[in-house]
C-alpha cells in the first residue's frame, strides 16, 4: 500500500466500490482497476485486524501476569 490508511477509511472505500459494482456503475476498464483496489484494501484490513488482535492478546497476557 502506498500510504497509511485508517481501517475505517479502508472499509468505507470498500463499501463504495461494492455499491458501484452492485449498481453497475463501472465500465469494464474501471471494474478491473476497482477490483484490484478492493483486493488491496481487503489485504490491508486483514493485516490491521491481525495486528490489533495480537496487541490485544499481548495486553491481556500482561494483565494476567500481574
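Here, each number is a calculation from the coordinates, and none is a lab measurement. Not measured: the values here are computed from a predicted model.
Pairing the Cα long axis of helix 7-22 with the longest principal axis of the chain, what angle in degrees results, from 0 to 90 and rounded to the nearest 10? Tilt of helix 7-22: around 30 degrees. When shorter helices are ignored and each DSSP H run of at least 4 residues is given -39500 (n - 2.57), the per-residue value for the chain at 222 nm works out to -29000 deg cm²/dmol. Could you state the angle between the C-alpha long axis of helix 28-65 and the longest principal axis of the C-alpha atoms of the chain, as a value from 0 to 90 degrees rounded to the nearest 10? Here the helix axis deviates by roughly 10 degrees.
Give me the Kirkwood hydrodynamic radius of the chain, using the inverse of the mean 1/r over all pairs of distinct Cα atoms, in Å to one decimal.
Numbers: mean 1/r = 0.0729 Å⁻¹.
By the Kirkwood definition, the hydrodynamic radius is 13.7 Å.
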